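Here is the structure we will look at.
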Amino acid sequence: MIGECSSCGGTTALHTCDKCMDCCGCSLCITCQTVTRPLRFCQCCYQCILCCACFACAKCRYLAEDATYFCAICGYGTNRLCGCCKTHTKFFAVRIVNLARYKADAQTSQYNANLRLIAAEIEVCGSNIKPKAITKPYTLLSCLQNWNCSVVSDGSLPEGGFEINTHPASGDYWVMQIRDLTQALEEACAWVNGKAGCHIHIDCRDIDFQGLARILRLVANVEAGLYSLIPKHRAHSAQYCLYWSANYLQAIRDIDVYTHPGLENITARKAELLYRNSIFKAIYNFGDKESIQIVSEKKHHDTRYRGVNVHSFVYRRTLEFRMPGGMLDTESITNWGILLATLVEDANNLSHTQLCHMVQDIEPLVVNQKESEFNDLSENLVEKSLTLLKTFAPTPRIRDWIIATAKRSRLQTNAETIRTTHD
C-alpha cells in the first residue's frame with residue numbers, strides 16, 4: 001500500500017501501523033504471524049503476548065521466574081517485580097496462555113467442526129465443598145490445572161464466588177474441556193444464581209474492521225433471537241450485558257462503502273479506516289487516532305458492559321458475548337460457544353450482497369428499535385430474529401437446542417412475570 005508515512009511524512013510503502021518500514025517499530029509474531037506493537041511483543045521468544053509462554057509483565061515485558069509475580073487482573077508486574085501494577089491490591093497466580101495448545105485439526109473436530117478458538121468466563125456463585133476437602137482423583141483443582149484454566153475473583157458475585165477463565169480451545173478440545181470442567185464443578189457441588197453469567201470469547205485475530213462490520217451487522221439482526229434464549233429478567237435487568245447492537249448497526253450503515261454515493265471506488269485501506277473510525281465512534285464516541293491508541297491499551301473500559309463487547313476486539317482481538325446467564329451444564333456452555341463461533345465465522349465469510357439479502361426483512365425493525373425500548377421488543381422482531389439465528393445453527397442438534405432453549409426461556413419468563421404480579 002502506497003501512502004504518506006505518519007512519522008517521517010515520506011511517500012513510501014506503508015506498514016500496518018501507518019508508518020513506513022524505516023519508521024515502524026512493530027514486530028511480527030512467529031506463531032500467529034500478527035504484526036504487534038513493541039510493548040505487546042516478547043523479545044525473548046519473538047511472539048506476541050497472546051502467544052508468549054514466558055513469564056513477563058504485560059506492560060514493560062520484564063521477565064520473572066514464575067507467574068506469582070504478576071497481577072491476574074491486568075497482567076502487570078507487582079511490587080515484587082517491576083511495580084507496573086499500581087491499581088489492584090489482591091493478586092492471584094496467572095495462567096500461561098498458549099493459543100496453539102488446544103488448536104484443533106481435521107482429526108480433532110468431529111463433534112465441533114468450527115476451528116475458531118473459543119474461551120469462556122464461567123462465573124460460579126459458590127461451592128459447598130472447600131477445595132482442600134476434595135480428595136477424589138478427579139477434582140476441580142486438578143481439572144483446572146490439567147486444562148490450564150485460571151480462577152479469579154469477581155466483584156459482582158456473592159461472597160465465596162469465583163470466575164473460571166477457560167483456556168482458548170477449538171474443535172473437540174472446546175467440548176472436552178467444558179465437559180471435564182462441568183463434571184468437576186458438579187462434584188464440587190458448585191452453584192449459580194441470577195447474579196452469575198457466562199461470557200464467551202471468540203478469537204478474531206484474523207478479522208479486520210470491515211470483517212468486524214459484517215459480524216456486527218449480522219449479530220445486530222440476530223441479537224433479539226440470542227436474548228430470547230435467556231430468561232427475560234436477566235436480559236432486561238442485567239447491567240453487565242446491555243442491548244447495544246442497534247447502535248453499531250446504525251454506525252455501519254452510515255458509512256457503508258457499498259451503497260453510499262462517492263464511496264464506490266474507495267481504496268481498501270481507506271475503507272478499512274472508515275469502518276474503524278465509525279465503529280470506534282459507536283463504542284467510545286470518538287474516532288481520532290490519538291484517543292484510539294490510548295483506549296486500545298486499556299484492558300477494562302466501561303463500554304465492555306454490553307451484550308456484545310467490542311472493546312475486547314480492540315484490546316485483545318476477541319469478541320466477547322455477555323448475554324448468557326450463569327450455567328454449569330455441558331450442553332448449554334458448549335452450544336453457546338459453537339453457535340457464537342459459527343456466527344463470527346460465517347459473517348466474516350459472507351459477501352456484502354449475501355449478508356444484505358439475509359437481513360433485508362429484519363434490519364428495518366432493528367434500526368427502529370431504540371436501546372430504551374428493549375423491554376418491549378415486538379414479537380415480530382423476536383420471531384424473525386430467532387428464525388434467522390436458526391439458519392446459522394451448524395448442526396440439527398444445535399438447531400433443536402435453540403428451539404428448546406427459547407421455549408424454556410419463555411416459560412421461565414412467564415413464571416417470573418406471574419410471581420412478580422402476585423408479589
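Identify the single condition in (1) surrounded by fewer than 20 Cβ atoms within 10 Å (Cβ to Cβ); (2) modelled with pLDDT under 90; (3) hydrophobic (A, V, I, L, M, F, W, C) that A196 does not satisfy, given that it satisfies every other one.
(1)
Residues are listed down the side, and each one gets a yes or a no for (1) hydroxyl-bearing (S, T, Y); (2) surrounded by 13 or more Cβ atoms within 10 Å (Cβ to Cβ); (3) modelled with pLDDT of 90 or more; (4) under 21 Å from D256 (Cα atoms):
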position: V344; (1), (2), (3), (4): no, yes, yes, yes
position: N348; (1), (2), (3), (4): no, yes, yes, yes
position: H352; (1), (2), (3), (4): no, yes, no, yes
position: I362; (1), (2), (3), (4): no, yes, no, yes
position: E373; (1), (2), (3), (4): no, no, no, no
position: K390; (1), (2), (3), (4): no, yes, yes, no
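Quick check: anything in region 132-141 surrounded by 17 or more Cβ atoms within 10 Å (Cβ to Cβ) and at pLDDT 65 or above?
So far as region 132-141 goes, yes, one or more of its residues are surrounded by 17 or more Cβ atoms within 10 Å (Cβ to Cβ) and at pLDDT 65 or above.
Give the residue, chosen from G326, G307, that is touching a Cys at 6+ places or on another chain (Cβ under 9 Å) and modelled with pLDDT under 85.
G307
When you check F321 against the structure, is it in contact with a strand residue (DSSP E or B) (Cβ under 8 Å, 6 or more places away or on another chain) and modelled with pLDDT of 90 or more, yes or no?
Details: in contact with a strand residue (DSSP E or B) (Cβ under 8 Å, 6 or more places away or on another chain): yes; modelled with pLDDT of 90 or more: yes.
Criteria met by F321.
The values are calculated or read from the model by the stated rules, or taken from the named source; none is laboratory data. Every value quoted in this text rests on a predicted model; they were computed, and no experiment measured them. No Cβ is skipped: glycine too gets one built from the backbone with ideal geometry, and neighbour counts run over all protein chains shown.
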